[in-house]
Amino acid sequence: VTEALADTLHDYHVRPLRMLEPSAGHGAFLEAFARRNTRADVMAFEKDLLTGRILACLHPDKKVRVEGFERIEKPFNGYFDVAASNIPFGDVAVFDPAFSASDAPGRQTATKAIHNYFFLKGLDAAREGGIVAFITSEGVLNSPKNELVRRHIVKNANIVSVVRLPNNLFTDHAGTEVGSDLVILQKDSTKNRELSEQEKWFIRATDIGDGIIENEYTMSVAPLRNTKMQHGTDPYGKPALLTIHQGGM
């Protein structure tokens, strides 16, 4: 997935000189982008101590910070050409005084769940016209509780692409079957226009029956080839629409 993303952006002449990976793990996104531009100025965050130290050893020429992404300093707002990562997810609150003191409802809401926080913080770090490409849980787009967060996103960025990834995509490598989305945005915090229909779909999550809530934008996107949709349950036992890919990677 990371190689495909880096290749596609490269084909569209997105050649980042400043790259951010806010939840780096062992550096999959970092490696994919760095191979295409060895001179790129890269900053990577990894909160887990052991993983962060391994990452620093693997990439001694990069700025590896073994701490949470919330520790990034204010001068890095609007700094990066690309922010790309497989961000953490869950109802884990994040302490960020800048968000807590904000008058924007979306920013206040975002601190209650780490995946929402990473999206808005990632947009803060990207320069105008910069790209934010995150793999995240379906909850960012599907949860009715996140409507304020989604509204903040489309008011400060243009939607480049949204891909609903198959639930079984990471089964072989990560041993997990969780619904994930690849969301690619281009920062535009000076937008001064009415929201498009697609952006309104991105904000809304609708009950499609049997207690299943789906984002209207993802429902408008054709599924990947060799992929079928079926009713099932998410990792928490709640009704969900599962996306199952047939035929290998």
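The values are calculated or read from the model by the stated rules, or taken from the named source; none is laboratory data. Everything numeric in this text was worked out from a predicted model, so none of it was measured. Cβ sites come from the backbone with ideal geometry, for glycine too, and all protein chains shown count toward neighbours. Side chains included, ligands, DNA and RNA excluded: accessible areas come from the protein's heavy atoms. Shrake-Rupley method; radii C 1.70, N 1.55, O 1.52, S 1.80 Å.
Give the residue that is most open to solvent (accessible area, probe 1.4 Å), with candidates limited to residues of the stretch 42-72 that are of a type in the set (Val, Ile, Thr) and farther than 24 Å from Arg15 by Cβ.
Across the stretch 42-72, the extreme among qualifying residues is Ile54.
Of all residues in the stretch 36-51, those that are of a type in the set (Gly, Ala, Ser) and either free of Cβ contacts under 8 Å to residues at least 24 places away in the same chain or part of a strand (DSSP E or B) (or both) total 1.
Number of residues in the stretch 213-240 that are in contact with a Leu (Cβ under 7 Å, 6 or more places away or on another chain) and under 16 Å from Lys145 (Cβ atoms) equals 2. Out of Gly247, Gly209, Gly237, one residue alone is in a loop (DSSP other than H, G, I, E, B) and open to solvent by less than 40 Å² (accessible area, probe 1.4 Å). It is Gly209.
Taking the stretch 1-35 as the range and being in a loop (DSSP other than H, G, I, E, B), open to solvent by 70 Å² or more (accessible area, probe 1.4 Å) and more than 26 Å from Pro166 (Cβ to Cβ) as the test, the residues that pass are His13, Arg15, Leu17. With respect to (1) assigned to a helix (DSSP H, G or I); (2) open to solvent by 40 Å² or more (accessible area, probe 1.4 Å); (3) within 21 Å of Ser102 (Cα to Cα), the lone exception for Ser189 is condition (1).
Quick one: in the stretch 53-71, which of the residues that are more than 23 Å from Thr38 (Cα to Cα) and part of a loop (DSSP other than H, G, I, E, B) is nearest to the chain's Cα centre (by Cα)? Applying the filter and picking the extreme gives Gly68.
For the stretch 82-121, enumerate the residues that are aromatic (Phe, Trp, Tyr) and either closer than 21 Å to Glu147 by Cβ or modelled with pLDDT of 95 or more (or both). Result: Phe89, Phe99, Tyr117, Phe118, Phe119. So which pairs qualify, if the first residue must be in the stretch 189-213 and of a type in the set (Asp, Glu), the second must be open to solvent by 40 Å² or more (accessible area, probe 1.4 Å) and modelled with pLDDT under 95, the Cβ gap must be under 8 Å, and the two must be at least 6 apart or on different chains? Final answer for the pair search is Asp207/Ile213; Asp210/His231; Asp210/Pro239. Filtering the stretch 152-171 for residues that are touching a Gly at 6+ places or on another chain (Cβ under 7 Å), assigned to a helix (DSSP H, G or I) and crowded, with 20+ Cβ neighbours inside 10 Å leaves a non-empty set. Within the stretch 122-140, being of a type outside the set (Asp, Glu) and either modelled with pLDDT under 95 or under 12 Å from Phe89 (Cα atoms) (or both) holds for Phe134, Ile135, Thr136, Ser137, Gly139, Val140.
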